[in-house]
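Okay, structure first, notes after.
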Amino acid sequence: MTVVEGAVRGAPERDEGRGRRRRVRRLTGRDRVVLSLMAGIPTVLTVGLVWLPALASIVLSFSNWSGFGDFSSIQWIGTENYKNIFTIYPEFPPAIGHNLLWLAVFFCLPAPVGLFLAVQLDKQIKFSRVYQSILFMPVVLSLALIGFMTELIFSPTQGLLNNLTGHADHHVIDWIGNPSINIYAVLVMACWRQTGYVMILFLAGLKSVDASLKEAASLDGANGWQVFRHVTWPALRPINVVVLVVTVIESLRAFDIVYIINKGTNGLQLLSVLVTDNIIGEASRIGFGSALATILLVISLIFIVPYLISMFRRDRGE
Amino acid sequence: MAQPIGRRSILRGALFGAGALAAGPVLAACSSGGSTSSADVSKASGTVTFGSNAAVPEPKGAYEKLFAQAKQATGISVKPNWVDHNTFQQQISSYLQSNPDDVFNWFAGERMQYFADQGLVSDVGQVWDKIGGSYTAAMKAQSKGKDGKYYLVPFDYYPWAVFYSKSLWKQKGYTAPTTWAQYIALAKKMKADGLIPIAFTDKDGWPAMGTFDYLNMRINGFDFHINLMRNGDKWNTPQVKQVFDTWRELLPYYSPGALGLTWQEGAQQLLTQKAGMMVIGLDQIGTIFTGSKADDLGFFAFPEIDSQYGQDAVEAPIDGFLVSKSPKNKAGAFKLLEYLGTATAQQFWLGSNPADIATANGVDTSKYTQPQADAVKLITGAKQLSQFMDRDTRPDFADPVLLPAIQKFLNSPGDAASIIKNIDAQAKTIFTG
């Protein structure tokens, strides 16, 4: 009761600061404990598990450390790791290239195809649920499992594809070992999964588009494309942002498929794999791996910061 | 959105925390005794925890029988902690730094010395006082750290060689080559006969390392090879270039799609007689040629290239046991190792695992399969034993640098010069660090 009074009284005065302060003061002790736990635990977790490790990685990227012994065994070597990554580390250029290729392919294939499928499924066609299940199925499978499936399909001598096309014994097409084509074989499988994922996001968005709007547009004589272009598409805007973000995330964190196939070497290098290779292992190059991780962080920020800026701008606008 | 960062924190977490999860009771950390004091083995009893990289059914079953036998012989119960082979290797450094088991599986040579140097394993000289008599000088050398102290008790090992199917060779009338010219001539003949002359696979990255090791030891000698691996300072030299140039002669005879094939797929080509030969370890191929096929597996030593070095060196990786820095049951761990270091224990284990041979002298060789008996002959005739590329050099050099470099060479054999120049540049930053 008192809380509501405070809020109501605070609002007309347009003095939000004072109003909030008054409200907090009127919280019971228990409320305060609950609220601080609700805000505090996620904050502690985020800072402890995300921000501190991220900062530690950045700091360690300027060091040479095997991970053995205490912190006094860390040697500080400035930007040496970055210099080495850009000059003498042959795995780095292909890894950057493959991450960008992954991103480009995810934008060009699963995103539009997922939208197309969602729009078709939204049309109340027969067996819609069956199609939905079939298309969504790969999303349920883990990427590691899809990695194994990739091997079953693309293995040069025992794989399905070469055996069906008669390339298993002679004129073997090395889908997995030829570094100029294996990334595409993997991308086919990754897109297969990603399309279902995007489709389900769009489908959820489409369900929320008011059917009466589409009906009204049809009555006004709009054809299917015009209804999509002028009614459905604008209504999907919030979902587009989600799909955009999901696409960027999925491309940058790509890891499992290639790691299952050949540990991410020989044509399947990705930044995430290089970080793992150097940090986790029998003897770790913690500084070098951290420098790679920092580069991955910077690339992520290039995509995330503009998104955050536009979100904050919109919030302020409203 | 926070995902890329999330992954990093997981990596970090794995780095600092995974060992704690992998190891046994957390209390272990506080109960350790001084690691330098000697243990009174005569009073040893109780349970010894054992970190094993043998989680797959076959070696696991053999170990389980062995531990039951050990309980009978010594009174020590072994409590194994089974871990997948590759996972064990990947986590070894965090594992050893947290709460490792008392005894664990590991490898001889540089790969053991690296961890001995970090002070993460116990000196087991006391065990060697008892078992030393049944080991050769070469075996002793591979069990010592750089400080001359013993850190490993060797258990089993196996040679790398050129393997083939005896029945196929008999049918085609092939004979084992001893020189490079004969080897190439044989490969040519096999190709003309419609076979894949040499089953070769490198999707896993490591199988090609064995061929590099042999070429280097045959062309430049054992000492050059070991120094190259240990010091990393002679990569950009005509000698190493020569290794890759010679290797190029073999490429036309390799399995098509080699970089997309696992060693198991290559071994299948040999088993089904589609391929004529394969450079691999007995430990691997022996698990494919099993049952009635076991005695069909023949092999010959990697051919001579330079008569100065002949076929002197044999690649023979040794597996054994180490004791962690501060074991909970030190006396028990030592007593268990004394037992595992005997020919009796090794023979018992090899009864269920015929793809390896015993490291101790005094094993009843009449119980060996034909490939095992041949392997003993090959290894005991060797003047030097190497351990394998990723066991003879630093772990942070073998996998992140050499593995992709060799794959790159196999893809673009013409780029050998720039590849070794790059290996050299990376070696300098790693070995000086």
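The values are calculated or read from the model by the stated rules, or taken from the named source; none is laboratory data. Bear in mind the structure is a predicted one, so any value in this text is a computation, not a measurement. Counting neighbours? That spans all protein chains shown, and the Cβs are built from the backbone with ideal geometry, glycine included. In case anyone asks, the SASA skips ligands and DNA or RNA and just uses the protein heavy atoms, side chains included. Shrake-Rupley method; radii C 1.70, N 1.55, O 1.52, S 1.80 Å.
Look at the dipole of the range B:311-397 built from charges on Cβ: of B:THR344, B:SER366, B:ASN329, the Cα furthest out on the positive end belongs to B:ASN329.
Just checking the listed ones, A:PHE202, A:PHE68, A:PHE303: in the Gaussian network model of chain A with Cα springs under 10 Å, the one fluctuating most is A:PHE68. Heavy-atom accessible surface of the range B:193-326, averaged per residue, reaches 30 Å², computed with a 1.4 Å probe. Please work out whether chain A counts as rounded, prolate or oblate from its C-alpha gyration tensor, where a ≥ b ≥ c are the square roots of the eigenvalues and a/c under 1.5 means rounded, while otherwise a/b larger than b/c means prolate and anything else oblate? The shape class here is oblate. Derived scalar couplings between HN and Hα for the range A:36-42 equal 6, 5, 5, 7, x, 4, x Hz in order, rounded to whole Hz, by the Karplus curve 6.51 cos²θ - 1.76 cosθ + 1.60 (θ = phi - 60°), x for Gly and Pro. Rolling a 1.4 Å probe over the protein heavy atoms of chain B, with every protein chain left in place, gives an accessible area that is 52 percent carbon and sulfur. With protein chains left intact and a 1.4 Å probe, residues in the range A:107-147 average 63 Å² of accessible area per residue.
When chains B and A come together, the accessible area they lose, probed at 1.4 Å and totalled over both chains, is close to 4500 Å².
Quickly rank B:67-73, A:95-101, B:392-398 as a protection proxy: mean count of other C-beta atoms within 10 Å, highest first.
Answer by packing, highest mean first, reads B:392-398, A:95-101, B:67-73.
When the other protein chains are added to the chain by itself, burial of at least 10 square angstrom of heavy-atom accessible area (probe 1.4 Å, ligands and nucleic acids ignored) affects these residues of the range B:382-422: B:PRO395, B:ASP396, B:PRO400, B:LEU403, B:PRO404, B:GLN407, B:LYS408, B:ASN411, B:ASN422. In chain A, carbon and sulfur make up what percent of the accessible area (probe 1.4 Å)? Whole-percent figure for carbon plus sulfur exposure: 67.
Put A:ARG32, B:ARG391, A:ARG314 in order of accessible area, highest first, and with a 1.4 Å probe you get A:ARG32, A:ARG314, B:ARG391. Couplings 3J(HN,Hα) of the range B:133-141, computed from phi: x, 9, 10, 6, 4, 4, 5, 5, 4 Hz, in residue order, whole Hz [Karplus 6.51 cos²θ - 1.76 cosθ + 1.60, θ = phi - 60°; x for Gly and Pro]. The residue among A:LEU252, B:ALA417, A:VAL44 whose Cα reaches farthest toward the positive pole of the charge dipole of the protein assembly as shown, with charges on the beta-carbon of Lys, Arg, Asp and Glu, is A:VAL44. In the context of the full set of protein chains, residues of the range A:220-318 present 42 Å² of accessible surface per residue (probe radius 1.4 Å, heavy atoms only). About its Cα centre, the dipole of the range A:168-318 is roughly 420 debye, where the only charges are +1 on Lys and Arg Cβ and -1 on Asp and Glu Cβ. Report, ordered by chain and residue number, the lysines lying within cross-link reach of A:LYS263, taken as a straight Cα distance under 16 Å and ignoring same-chain residues fewer than 8 apart. Straight-distance partners of A:LYS263: B:LYS203, B:LYS408. Scan around B:GLU315 for amide H atoms under 5 Å from its own, H built in the peptide plane at 1.01 Å from N, and keep only partners 5 or more places away or cross-chain. When sequence neighbours closer than 5 places are left aside, the close amide H contacts are B:TRP160, B:SER386.
Which one, A:LEU274, A:LEU141, A:LEU37, has the greatest fluctuation when you compute a Gaussian network model over chain A with C-alpha springs under 10 angstrom? Sorting by GNM fluctuation, first place goes to A:LEU37.
Using a Gaussian network model of chain A in which every pair of alpha carbons under 10 angstrom is joined by a spring, one finds that among A:VAL130, A:VAL119, A:VAL246 the greatest mean-square fluctuation is at A:VAL130. Here A:VAL47 sits with roughly 60 square angstrom of accessible surface, probe radius 1.4 Å. Inter-chain Cβ neighbour count for A:75-82, averaged per residue, equals 1 (cutoff 10 Å, partner chain atoms only).
Where a Cα-Cα gap under 16 Å defines reach, which lysines qualify for B:LYS367, not counting those fewer than 8 residues away within the same chain? The qualifying lysines are B:LYS377. Residues of the range B:390-432 with backbone nitrogen within less than 12 Å of a virtual label 7 Å along the Cα-to-Cβ line of B:LYS241, please, listed as ranges. Flagged as within label range: B:416-421.
Among the chymotrypsin sites (Phe, Trp or Tyr not before Pro) in the range A:89-142, those placed in a DSSP loop whose Cβ has at most 14 other Cβ atoms within 10 Å are A:PHE127. Per-residue mean of foreign Cβ neighbours for A:272-284 is 6 (Cβ atoms of other chains, 10 Å radius). Backbone amide hydrogens, once placed in the peptide plane, bring B:SER255 within less than 5 Å of B:ILE198, B:PHE200, excluding anything fewer than 5 places away on its chain. Among beta bridges identified by DSSP and lying wholly in the protein assembly as shown, the antiparallel ones come to about 60 percent.
The residues of the range B:240-259 listed by number as losing at least 30 Å² of accessible area in the complex, against the isolated chain and with a 1.4 Å probe, are B:PRO256, B:GLY257, B:LEU259. When the surface is traced with a 1.4 Å probe over the full set of protein chains, A:SER73 keeps roughly 50 Å² accessible. Residues B:THR175, B:THR237, B:THR365 ordered from highest to lowest accessible area at a 1.4 Å probe: B:THR175, B:THR365, B:THR237. Amide H contacts for B:ILE280 (H built 1.01 Å from N in the peptide plane; partners 5 or more residues away or on another chain; cut-off under 5 Å): B:ALA161, B:PHE163. Kirkwood hydrodynamic radius of chain B, from the reciprocal of the average inverse Cα-Cα distance over all distinct pairs: 22.8 Å. Here the Karplus relation 6.51 cos²θ - 1.76 cosθ + 1.60, evaluated at θ = phi - 60°, turns the backbone of the range B:259-267 into coupling constants of 6, x, 10, 7, 4, 4, 5, x, 5 Hz, with x for every Gly and Pro.
Counting only residues at least eight positions apart within a chain, or on another chain, the lysines with an alpha carbon under 30 Å from that of B:LYS325 are B:LYS43, B:LYS60, B:LYS65, B:LYS71, B:LYS79, B:LYS130, B:LYS140, B:LYS144, B:LYS146, B:LYS149, B:LYS335. These residues, A:CYS191, A:CYS108, go from largest to smallest accessible area, 1.4 Å probe, as A:CYS108, A:CYS191. Among beta bridges from DSSP that stay inside chain B, the antiparallel ones total about 55%. Dipole size of the range B:43-101 about its Cα centre, with +1 on Lys/Arg Cβ and -1 on Asp/Glu Cβ: approximately 260 debye, rounded to the nearest 20. Averaged over peptide A:85-96, the number of partner chain Cβ atoms lying within 10 Å of each residue's Cβ comes to 3. Charging the Cβ of each Asp and Glu at -1 and of each Lys and Arg at +1, and nothing else, the dipole of the range B:136-177 about its Cα centre rounds to 100 debye.
When the other protein chains are added to the chain by itself, burial of at least 40 square angstrom of heavy-atom accessible area (probe 1.4 Å, ligands and nucleic acids ignored) affects these residues of the range A:237-252: A:ILE249. Grouping the Cα pair distances of the protein assembly as shown into 10 Å bins from zero gives a pair-distance distribution of 2, 12, 20, 22, 19, 12, 7, 4, 2, 1, 0 percent in increasing distance order.
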